[in-house]
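The values are calculated or read from the model by the stated rules, or taken from the named source; none is laboratory data. Computed from a prediction, not measured in an experiment: that's the story for all the values here. Quick reminder, even Gly has a Cβ in these numbers, built from the backbone with ideal geometry, and neighbours come from all protein chains shown.
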Amino acid sequence: MRTRAILLLGAAVAASAVSGLAARASPLCIKERTPFALSHDTVKWTMSIAPGAECIQGLRWSYMQIFNVSIVSAPSRGQLAVVGSGFRYSAESQTRTADKFTLLISGKNRHDPGTSTLEVEVNPQ
């Protein structure tokens with residue numbers, strides 16, 4: 001019982017320390033966010049982000065399930081990670097040049113399974 005309490009206290013302290021870290025996420029980084037339909041369509045989004053900042057963006061709309069998100073073409077300047085049914089783009093800290101990447105999203109739109117290709121253009125702020 002005492003060991004469990006110590007573990008829970010340690011987890012709470014660690015969570016508090018992590019939540020206290022300042023993240024440089026851009027809250028409104030996606031400027032043009034056209035819905036995709038998982039109907040073998042291709043959609044283009046535009047992102048605006050400051051050097052050294054991150055953009056964290058979910059991809060699921062309320063009427064769909066996302067089964068998989070995969071990187072078709074990675075960015076050449078920043079870092080891209082798939083996070084669940086979304087992505088995190090981290091801009092280089094010194095670069096003020098455009099970037100781009102492409103994702104393939106598979107899932108189910110209402111009742112029909114399908115895929116969408118998402119092309120994201122990244123513009124520096």
Review point. Here are some conditions: (1) surrounded by fewer than 19 Cβ atoms within 10 Å (Cβ to Cβ); (2) among the hydrophobic types (A, V, I, L, M, F, W, C); (3) without any contact (Cβ under 8 Å) to a residue 40 or more places away in the chain. VAL72 meets all but one. Which one does it not meet?
Key: (3)
Review point. Looking at segment 91-125, which of its residues are out of contact with any strand residue (DSSP E or B) (no Cβ under 6 Å at 6 or more places or on another chain) and either in contact (Cβ under 8 Å) with a residue 60 or more places away in the chain or assigned to a strand (DSSP E or B) (or both)?
Key: ASP112, PRO113, GLY114, PRO124
**Study point:** Within segment 36-79, considering residues that are charged (D, E, K, R), under 19 Å from VAL122 (Cβ atoms) and part of a strand (DSSP E or B), the one modelled with the highest pLDDT
**Key:** LYS44
Review point. For ARG88, which of the numbered conditions (1) without any contact (Cβ under 8 Å) to a residue 60 or more places away in the chain; (2) over 13 Å from the mean Cα position of the chain (by Cα) fails to hold?
Key: (2)
Revision key, fill the gap. THR117 fails exactly one of (1) within 18 Å of ARG33 (Cα to Cα); (2) hydroxyl-bearing (Ser, Thr, Tyr); (3) at pLDDT below 95, namely (3)
